[in-house]
Amino acid sequence: KEKMNKREVMKVENLVRNYKMVHSDRPGEEEIKVLKGLDFTIEEQEFVGIMGKSGCGKSTLRNLLSCIDEEYKGSIQYNGKELKERTEKEKADYRFSSVSIAFQSFRQTEEESVYVNRLKPLAIRKRTREEKKKKIFDALKRVGLLDKKDRKFKDLSGGEKKRISLAVARIKDTPVLFADEPLASLNKEIRRQRTSLLLYLSLSRL
């Protein structure tokens, strides 16, 4: 995208995340260093890809930025305010209203329909039944699966399930979207469609 004077959304400084590992064959703990002093800034409407081999810390970073994991050293600021310095209510509001995650694994109820599964993220939001229905239909249409709205989730293909997971982003309308390996295990045409959708979503969010 063309660089302009854009607002700073996320700022990470000297981010460190270590884990303690206990071995069954010897006493004591081993400290595993995963993130070792990351520094970066992300501006509004940026489309950022994080790449690396398995185990390098991609999921760890996502969990920290989305406030799922709060055990870190350094600084993570969102809209100028440190995540770990927020109250519990502010953290909950951040997780609910500011970020959404399209997971690689499918967090759905397999026996329920696609429509019912997609209704759940809207259950506690103050919208009318018709507003919720329209939002779900628009999201499914955008990922090319409106005709599967009444199909049980268990009957979808792997590629269709991954496309459904991204529809969550359009339903929640959060300012930040984290997509977990959004193009993995998809054929060339679906990868092209999904990339186009991600670019479209990035026009109005990070």
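The values are calculated or read from the model by the stated rules, or taken from the named source; none is laboratory data. Being a predicted model, the structure only gives us computed values, none of them experimental. When we count neighbours, we look across all protein chains shown, and the Cβ atoms used for this are built from the backbone with ideal geometry, even at glycine. SASA here: full protein model, heavy atoms, side chains in, ligands and nucleic acids out. Shrake-Rupley method; radii C 1.70, N 1.55, O 1.52, S 1.80 Å.
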Does residue 186 qualify as being surrounded by fewer than 20 Cβ atoms within 10 Å (Cβ to Cβ), hydrophobic (A, V, I, L, M, F, W, C) and more than 16 Å from residue 101 (Cα to Cα)?
yes
Take the residues in the stretch 142-176 that are in contact with a Pro (Cβ under 9 Å, 6 or more places away or on another chain) and of a type outside the set (D, E, K, R); name whichever of them is modelled with the lowest pLDDT.
168
Residue check, residue 45 modelled with pLDDT under 80, more than 30 Å from residue 147 (Cβ to Cβ) and not small (Gly, Ala, Ser)
yes
Select from the stretch 19-42 the residues that are out of contact with any helix residue (DSSP H, G or I) (no Cβ under 8 Å at 6 or more places or on another chain) and within 21 Å of residue 181 (Cα to Cα) and write down the one among them that is modelled with the highest pLDDT.
40
Does residue 162 satisfy the criteria of being under 27 Å from residue 64 (Cα atoms), open to solvent by 10 Å² or more (accessible area, probe 1.4 Å) and assigned to a helix (DSSP H, G or I)?
yes
Take residue 179 and decide whether it is closer than 20 Å to residue 61 by Cα, surrounded by fewer than 15 Cβ atoms within 10 Å (Cβ to Cβ), touching a residue at least 24 places away in the same chain (Cβ under 8 Å) and out of contact with any Pro (no Cβ under 6 Å at 6 or more places or on another chain).
no
Can you give me the ranges of the strands (runs of 3 or more DSSP E) entirely in the stretch 1-79 with at least 2 residues that are open to solvent by 100 Å² or more (accessible area, probe 1.4 Å) and not hydroxyl-bearing (Ser, Thr, Tyr)?
8-22, 29-43
